[in-house]
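Asker: Quick one: the structure is below, and I'll ask about it shortly.
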Amino acid sequence: MDWFIRFTLGLPARVEDAAALRKALPELESRELRLEHRRYFWLFHPDFDTNEELLEALRRWVSKVETPDDFWPSDYRNCPSNNCPLRSNKARANRDDGLSIARFMVAAGGPKAKPPKDTFLDLVRRTHPENDPPREVILTDPYIYSDVSEDGHEGGFPNLVAYLEALGISADDTFTLRTTPSPKRGTVTAKRNLHRHLKAQFKNIQFKDYSPQLKFHDRFYVVRHRSGKIKGVFGPSINGLTSDAIVLMGDIDELQPLRKLEAWFG
């Protein structure tokens, strides 16, 4: 909460402060909030009679901060390792190419563990807000039309339904599912089977492909919410969630990759 101390003392916002505040209060960028009346902050700022005034002051405070192209958060800049990749000339040269360091990941699966499905769905629920339903779901999984994983485990289609339900999508919600234009095993019959399966669960779902100019190696699960915010996670293929394969997954929460997703998917 360093940003709160600096704001309370009247100090200027740093890049780290703006990033931390925007992460803690993503609602700063929304002008359609309905706030409950509270007077908890009058001890610190008696000039603010309403929460709206305080929120507007925070907006002004961070609006003066521009993130420089060569900025890394302080915990990266203070990397204790002498071989930290962020200190290398290669890292500096690649910053404009979208280099990003993952901080929060979850490992799951394995021969003596539960399949990673529950861990993945828990990650999805933690990542996406309950009060901001999805408008668009974008999946880069090339095996989305295959119900069977590479090691022969069935359940890809039910796993996809479970993922959409974990996003808070109900049977009557209207949303668009965008998938790869170049799927693996994506025959006409396979597509028809998946679309029929999803239509039975979500009657107002619409199907589209994202741009064929976009080619992905990894599996991204990206959601554009009604507010316009983009959030997402990465992980294994949907049909691999019931496998015993070991997987890494995590939320896409840093500003740089979120900006990339916005640029890619418009």
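Asker: For the structure I just gave you, tell me whether Thr140 is closer than 30 Å to Ala24 by Cβ, in contact with a His (Cβ under 9 Å, 6 or more places away or on another chain), of a type in the set (S, T, N, Q) and buried (at least 16 other Cβ atoms within 10 Å of the Cβ).
Answerer: Yes, satisfied.
Asker: Filter the stretch 138-177 down to residues that are in a helix (DSSP H, G or I) and of a type in the set (Val, Ile, Thr), then give me how many there are.
Answerer: 1
Asker: Inspect the stretch 186-202 for any residue being of a type in the set (Gly, Ala, Ser), on the phi < 0 side of the Ramachandran plot and modelled with pLDDT under 90 and give the result as yes or no.
Answerer: Restricting attention to the stretch 186-202, the residues satisfying the condition of being of a type in the set (Gly, Ala, Ser) are 186, 190, 200.
Then drop every residue that is not on the phi < 0 side of the Ramachandran plot, which leaves 186, 190, 200.
Keeping just the survivors that are modelled with pLDDT under 90 gives 186.
Yes, because at least one residue in the stretch 186-202 is of a type in the set (Gly, Ala, Ser), on the phi < 0 side of the Ramachandran plot and modelled with pLDDT under 90.
Asker: Something else about it: Identify, from the list Glu130, Glu150, the residue that is over 27 Å from Glu254 (Cα atoms), at pLDDT below 90 and among the charged types (D, E, K, R). Reasoning before the result, please.
Answerer: Working: Glu130 fails: over 27 Å from Glu254 (Cα atoms).
None of the others qualify; the one that does is Glu150.
Asker: Between a first residue in the stretch 5-22 that is closer than 16 Å to Leu55 by Cβ and a second residue that is open to solvent by 40 Å² or more (accessible area, probe 1.4 Å) and in a loop (DSSP other than H, G, I, E, B), which pairs have beta carbons less than 6 Å apart while being 6 or more apart in sequence or on different chains?
Answerer: Once the first residue is closer than 16 Å to Leu55 by Cβ and sits in the stretch 5-22, its partners that are open to solvent by 40 Å² or more (accessible area, probe 1.4 Å) and in a loop (DSSP other than H, G, I, E, B) give Thr8/Phe44.
Asker: Hey, another quick one. Any chance the stretch 245-252 includes a residue that's part of a loop (DSSP other than H, G, I, E, B) and touching a strand residue (DSSP E or B) at 6+ places or on another chain (Cβ under 9 Å)? I'd like the intermediate steps shown before the answer.
Answerer: Step one: list which residues in the stretch 245-252 are part of a loop (DSSP other than H, G, I, E, B), which gives 245-246.
From the residues that got through so far, the ones that are touching a strand residue (DSSP E or B) at 6+ places or on another chain (Cβ under 9 Å) too are 246.
Within the stretch 245-252 (the criterion being part of a loop (DSSP other than H, G, I, E, B) and touching a strand residue (DSSP E or B) at 6+ places or on another chain (Cβ under 9 Å)), the answer is yes, since at least one residue qualifies.
Asker: Taking the stated definitions as given, is Lys215 part of a loop (DSSP other than H, G, I, E, B), open to solvent by 50 Å² or more (accessible area, probe 1.4 Å) and closer than 19 Å to Ile252 by Cβ?
Answerer: yes
Asker: Let me ask something else about it. Scan the stretch 152-176 and report the pairs whose first residue is within 23 Å of Tyr210 (Cα to Cα) and whose second residue is acidic (Asp, Glu) and not in a loop (DSSP other than H, G, I, E, B), with Cβ atoms within less than 7 Å and a gap of 6+ or a chain change.
Answerer: Sorted first by the residue in the stretch 152-176, then by its partner, the pairs are Phe175/Glu136; Thr176/Glu136.
The values are calculated or read from the model by the stated rules, or taken from the named source; none is laboratory data. Keep in mind the model is a prediction, meaning the values are calculated, not measured. Glycine also receives a Cβ, built like all others from the backbone with ideal geometry; neighbour counts cover every protein chain displayed. Areas reflect the complete protein model, heavy atoms only, side chains present, ligands, DNA and RNA absent. Shrake-Rupley method; radii C 1.70, N 1.55, O 1.52, S 1.80 Å.
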